[in-house]
Amino acid sequence: MTPSATKTDLPHDRVWNFSAGPSVLPQSVLEEVQRDLLNYKGHGMSVLEMSHRSKVYGSIISEAEATLRRVLNVPANYSILFLQGGGTGEFAAAYLNLMASKSVREKQQKLGKPLACDYIVTGGWSKSGLKEVKRLGANVNVVLDGVKSATTGETVYNSLPPVSEWNLGKPEETAYVYYCENETVHGVETPANFVVDAVDPSVPVICDMSSNMLSRPVDISRFGAIVAGAQKNMGPAGVSIAI
């Protein structure tokens, strides 16, 4: 290393961050952000200063949506929302929006009593989601809550019990089924399509894909909604995605 060289001159000196929080971003992306930060694409201002109603900023969001729609093959009848609040904010948002939807309200009126919200608890994040909707007054049905340890008899979160042991509600009495596909705290990742294959097609499945979004193909059409924080696989912390 010459005296004039710095760590920023050496790409191999960058830390590869595999923490459970915000993940590493491609250097080319960071360099493009650096170039455009003061004067975005020659428009004379930083993106941090632009009106969210401006055509320039609108084009940024439109391009991001189009790219995500193409990569995930999102069907045309699904909307993509860029939101604040992180994945944790979606615990409440998913429940409040689904319960206010026309289809759920009509189903509940026909049933004559509150619909149940089915929660599959496989670790810390789904447990937090369950806690939040209980706080909001949801009529909760716990489909499963971990597994019993063969040695201690205590509840542990290290695997999924067979579907035959699940306590899924009756389809006509269920508003939706919620689960977290990859539990980063306890290390349980639900196999692709495992839940949607088990749930009656008439019941929407809501999935938190914060930590494995874009890591594998997903058939979006089989889900009622997918929510995810961007910081694991899609971008910097501070935005969450709802499909």
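The values are calculated or read from the model by the stated rules, or taken from the named source; none is laboratory data. Source: prediction; values computed, not measured. Cβ atoms come from the backbone with ideal geometry, glycine included; neighbour counts cover every protein chain shown. Heavy atoms of the whole protein, side chains included, go into the accessibility calculation; ligands, DNA and RNA do not. Shrake-Rupley method; radii C 1.70, N 1.55, O 1.52, S 1.80 Å.
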Residues of the range 213-243 being of a type in the set (S, T, N, Q) and either closer than 24 Å to residue 166 by Cα or surrounded by fewer than 20 Cβ atoms within 10 Å (Cβ to Cβ) (or both), in sequence order, are 215, 221, 233
Just checking, how many residues over the range 39-58 are of a type in the set (A, V, I, L, M, F, W, C) and surrounded by 15 or more Cβ atoms within 10 Å (Cβ to Cβ)? 2
Just the residues that are within 16 Å of the chain's Cα centre (by Cα) and under 20 Å from residue 157 (Cβ atoms), please, taken from the range 192-204. 192, 195
Filter the range 212-227 down to the residues that are out of contact with any Asp or Glu (no Cβ under 7 Å at 6 or more places or on another chain) and among the hydrophobic types (A, V, I, L, M, F, W, C), then identify the one that is nearest to residue 199 (Cα to Cα). 223
Would you be able to say whether some residue in the range 116-139 is among the polar types (S, T, N, Q) and within 15 Å of the chain's Cα centre (by Cα)? yes
Do you know which residues across the range 37-47 are part of a helix (DSSP H, G or I), on the phi < 0 side of the Ramachandran plot and at pLDDT 90 or above? 40
From the list 26, 11, which residue is closer than 30 Å to residue 212 by Cα, at pLDDT 80 or above and under 32 Å from the mean Cα position of the chain (by Cα)? 26
Considering the range 59-80, residues that are under 21 Å from residue 218 (Cα atoms), among the aliphatic types (A, V, I, L, M) and surrounded by 13 or more Cβ atoms within 10 Å (Cβ to Cβ), and then whichever is farthest from the chain's Cα centre (by Cα), we arrive at 64
Positions within the range 68-91 being without any contact (Cβ under 8 Å) to a residue 12 or more places away in the chain and either on the phi > 0 side of the Ramachandran plot or in a helix (DSSP H, G or I) (or both), in sequence order: 69, 70
Examine the range 176-184 for a residue that is hydrophobic (A, V, I, L, M, F, W, C) and either over 30 Å from residue 106 (Cβ atoms) or buried (at least 21 other Cβ atoms within 10 Å of the Cβ) (or both), and state whether such a residue exists. yes
Answer with yes or no whether residue 148 is over 20 Å from the mean Cα position of the chain (by Cα) and either of a type outside the set (Gly, Ala, Ser) or loosely packed, with under 13 Cβ neighbours inside 10 Å (or both). yes
Total residues in the range 108-137, condition open to solvent by less than 50 Å² (accessible area, probe 1.4 Å) and of a type outside the set (S, T, N, Q): 13
